[in-house]
Amino acid sequence: MDYKVVIAEKISEALNIEREDVLKLLEIPPKKEMGDYAFPCFSLAKTLRKAPNLIAGELKEKLDLPEMERMEVMGPYVNFFLKKSVFLTEVVEKILAEESAYGESDFGQGKTIIVEYSSPNIAKPFHVGHLFTTVIGHSLSRIYKSQGFNTQRINHLGDWGTQFGKLISGYERWVDEEKLKAKPIEELNRIYVKFHEEAEKDPSLDVEARQHFKNLEDGKEYEVNLWKEFRDLSLMVFQGVYETLGVSFDSYAGESFYGDKMDEVVEILEEKGILTESNGAKVVMLDEYNMPPTIIKKADGATIYATRDLAAAIYRKRTYDFEKNIYVVGTPQALHFKQVFKTLELAGFEWAKDCVHVGFGLVKFPGKMMSSRKGDVVLLDDLLKEAVVTAEKIISEKNPGLKDREEVAHKVGIGAVIFTYLKNGREKDIIFDWKEILSFDGETGPYVQYTYARAKSILRKNDLGKQADLGLLHGQEEFELAKTLDGYTTAVKNAMEKNEPSMITRYVLQVAKDFNKFYNNCPIGSAEASLKNARLQLVIATTTVLKNALGLLGIETVEEM
């Protein structure tokens, strides 16, 4: 039962105002002693020509709500108190009945959502900055899928562009073939960094690199074969990282995939009369929208990111007929996507409004910025390995006899890293701190995983009876935990609407806190049999919600820790 809707309907009838308007006004009181819902009467004062506190008193007398334990007038508010045992029973029974489907819906049935994320650059290190887009996108794809959408996960690889001309020039001069086979990304990155160092001394290298890329675009065999080698070697390394993270994709169609689709983009823009020439380049002017022009072709005829993004959007609409096309790309690219979306709109594609840029902050290092050109990066593979090693050390100290310690350490270590990246709003920058990312104390992934493991331990130690009278659950800690568990569906819905996985992260922290408070204040093993069984049902419901929620974040649970 949706008690908020029930209350809103009764107030709507009593005051003769729209239910939706009441729903907007209903609040959750800041303190539990003030009730579970509150209706403020301030906005009615002008219409009814009465003081808000008088309106509240009269409204209370008109309401007949047998679902409530009681109603109280507190100044200008009518506060509503739920019947604890009834509410608890409903919540726990629903969770136990639905199990892994709890929190899911068919809201998006028949509709397709595209989520583009990760998208590393070929031949460059997969560094800690790439993890931001990867875990946000992976989580969003799971959130949308849980709500019934057909979710297409796309890894739009950075496998095209002038950097390949630079890499080919550097390869010809400085490659170490043995190192390339042993550690391909490291060797290709070394070459790339060296190219930029040398190009500062000798600008002719840049001219040569541009010619190599032009040859690549023209399909010259030498450049194409080298490009394929760089791509294959890079994907082999990337796949190892994705397997460690539990991340997968439905498509690896990167920038190169759209190489033969860009001429049509130029034709469409020309037919619409919005393509103009500027200093030899072909552009779409966006002055009246307070934006720089969208460059479609450079003066030398080469295409750029925008051209490929336009081709990709058109291809995706034709192929998937998406409801929403989401780009999980850093906030510094906000202007780029505004230009691309506006260009699509000017080209007559009404679905341009369904293209959404989901931005996120930077991963910063104290005192400096990451730069692949200078080689100043922390490799993601190194971070993940270090996280697992740290997790295993801590687990060995706390539980030396634990079975499957390596598997548990893997799940806990990787979960700790993912949780850190998703803990706060995605647009906030992350200051990279080894100690904080690998911390097992405070508001962390390991804290939530440990809470789940503790709950599972309780269930292993206590036999569950055949019958449980959930009506016996009416204590404050039990009630608060049930209210939080009941809020899972809302948390998922809000995370989806705002494309904000941190709403799930903050939610699971609250579940963990409320469960531990319940565990510390409500004896289970020593309780009378029927009460014990009822509390064990609440424990089962908690593990179900924790596992479902962590799954939406891309984090696995552990039975012991």
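Read the figures in this text as sums done on the coordinates, not as results from a lab. Bear in mind the structure is a predicted one, so any value in this text is a computation, not a measurement. FYI the Cβ positions are ideal-geometry reconstructions off the backbone, even for glycines, and counts take in every protein chain you see.
Every Cα-Cα pair in the range 223-306 was counted, and those over 21 Å apart are 50% of them. Derived from the Cα gyration tensor, the three semi-axes of the equivalent ellipsoid of the range 478-561 are 26, 13, 10 Å, largest first. Sorted from longest to shortest, the spans of the Cα atoms of the range 391-514 along the three principal axes equal 49, 43, 21 Å.
With r as the distance between the Cβ atoms of D64 and M291 and R0 = 45 Å, compute the FRET efficiency 1/(1 + (r/R0)^6) and round to 0.05.
Once the sixth-power term is evaluated, E becomes 0.20.
Quote the FRET efficiency, to the nearest 0.05, computed for R49 versus K353 with a Förster distance R0 of 51 Å and r equal to the Cβ-Cβ distance. About 0.70, to the nearest 0.05.
Just for the chain, what percent of DSSP beta bridges are antiparallel, to the closest 5? Counting DSSP beta bridges with both partners in the chain, the antiparallel share is about 55 percent.
Out of the trypsin sites (Lys or Arg not before Pro) in the range 428-496, which ones are loop residues according to DSSP with at most 16 other C-beta atoms within 10 Å? Please report the intermediate quantities before stating the final value.
Details: sites: K428, K435, R454, K456, R460, K461, K466, K483, K493; in loops: K428, K466.
When the trypsin sites (Lys or Arg not before Pro) of the range 428-496 are filtered for loop state and at most 16 Cβ neighbours within 10 Å, K428, K466 remain.
3J(HN,Hα) along the range 293-305: x, 7, 7, 9, 9, 6, 4, 8, x, 6, 8, 10, 3 Hz, from the Karplus curve 6.51 cos²θ - 1.76 cosθ + 1.60 with θ = phi - 60°, whole Hz, x for Gly and Pro. Mind pulling up the Rg/Rh value for the range 242-372? Radius of gyration and Kirkwood radius, both on Cα. On the Cα set of the range 242-372, Rg over Rh gives 1.00. Taking the inverse of the mean reciprocal distance over all distinct Cα pairs, the Kirkwood hydrodynamic radius of the range 1-142 comes to 18.9 Å.
Restricting the range 1-73 to trypsin sites (Lys or Arg not before Pro) that sit in a DSSP loop and have at most 16 other Cβ atoms within 10 Å of their own Cβ leaves K31, R49, K50. Kirkwood-type hydrodynamic radius, the range 200-251: 13.4 Å, calculated from all non-identical alpha-carbon pairs.
Ellipsoid semi-axes for the range 432-491, based on the Cα gyration tensor and the rule √(5λ), read 31, 17, 9 Å when sorted largest first.
Placing a pseudo-label 7 Å from each Cα along the Cα-to-Cβ vector at N279 and M1 gives an inter-label distance of 6.9 nm.
Taking label positions 7 Å along the Cα-Cβ direction at both A299 and D250, the computed distance is 4.3 nm, reported to one decimal. Cα convex hull, the range 376-443: 90 Å³ per residue, rounded to a whole number.
Note on D263 and T489: the extension gain reaches 76.8 nm, defined as 0.36 nm multiplied by sequence separation minus the Cα-Cα distance. The 3J(HN,Hα) values that the Karplus relation (6.51, -1.76, 1.60; θ = phi - 60°) gives for the range 137-153 are, in residue order, x, 4, 5, 4, 4, 6, 4, 5, 4, 5, 9, x, 6, 7, 9, 9, 9 Hz. Gly and Pro appear as x.
Under a Cβ-only charge scheme (Lys and Arg +1, Asp and Glu -1), can you give me the dipole magnitude of the range 1-92 about the Cα centre, in debye to the nearest 20?
Values: 14 positive and 16 negative charges, 69 e Å.
Taking the Cα centre of the range 1-92 as origin, the dipole is about 320 debye.
Summary value for the range 404-460: 42 percent relative contact order, contacts being C-alpha pairs under 8 angstrom separated by 6+ residues.
Would you be so kind as to identify which of I458, L531, I191 lies farthest towards the positive end of the dipole of the chain, taking Lys and Arg as +1 and Asp and Glu as -1 on Cβ and the Cα centre as origin? Among I458, L531, I191, the one farthest towards the positive end of the dipole of the chain is L531. Length gained on full extension, K24 to K111: 28.5 nm, using 0.36 nm per residue less the C-alpha separation. Pairwise Cα distances in the range 502-546 exceed 13 Å in 57 percent of cases.
For the range 81-131, with only Lys/Arg (+1) and Asp/Glu (-1) charged at the beta-carbon, what is the dipole magnitude about the Cα centre, in debye rounded to 20? Please list the in-between numbers first.
Working: 5 positive and 7 negative charges, 50 e Å.
Dipole of the range 81-131, to the nearest 20 debye: 240 debye.
The dipole here belongs to the range 189-333: it is taken about the Cα centre, uses +1 on the Cβ of Lys and Arg and -1 on the Cβ of Asp and Glu, and is about 260 debye. Quick one: if the Förster radius is 41 Å, what FRET efficiency do D429 and A14 give, using the C-beta to C-beta distance and rounding to 0.05? Efficiency for this residue pair is about 0.25. With N as its number of residues, the chain has a Cα radius of gyration that, divided by 2.2 N^0.38 Å, comes to 1.16. The calculated pair-distance distribution of the range 103-200 uses every alpha carbon pair, bins of 5 angstrom beginning at 0, and gives 3, 12, 17, 15, 13, 10, 9, 7, 6, 5, 3, 0 percent.
In terms of distances greater than 28 angstrom between alpha carbons, the cross-link table entries K60/K94; K111/K338; K183/K298; K24/K338 yield K60/K94; K183/K298; K24/K338. Projecting the Cα atoms of I395, N121, F479 onto the dipole axis of the chain, where Lys and Arg carry +1 and Asp and Glu carry -1 at the beta carbon, places F479 farthest toward the positive end.
Please check which bits of the range 542-561 a label hung off E99 would reach, taking the label as a point 7 Å along Cα-to-C-beta and the cut-off as backbone N under 19 Å. Zone members listed by number: 542-552, 557-559.
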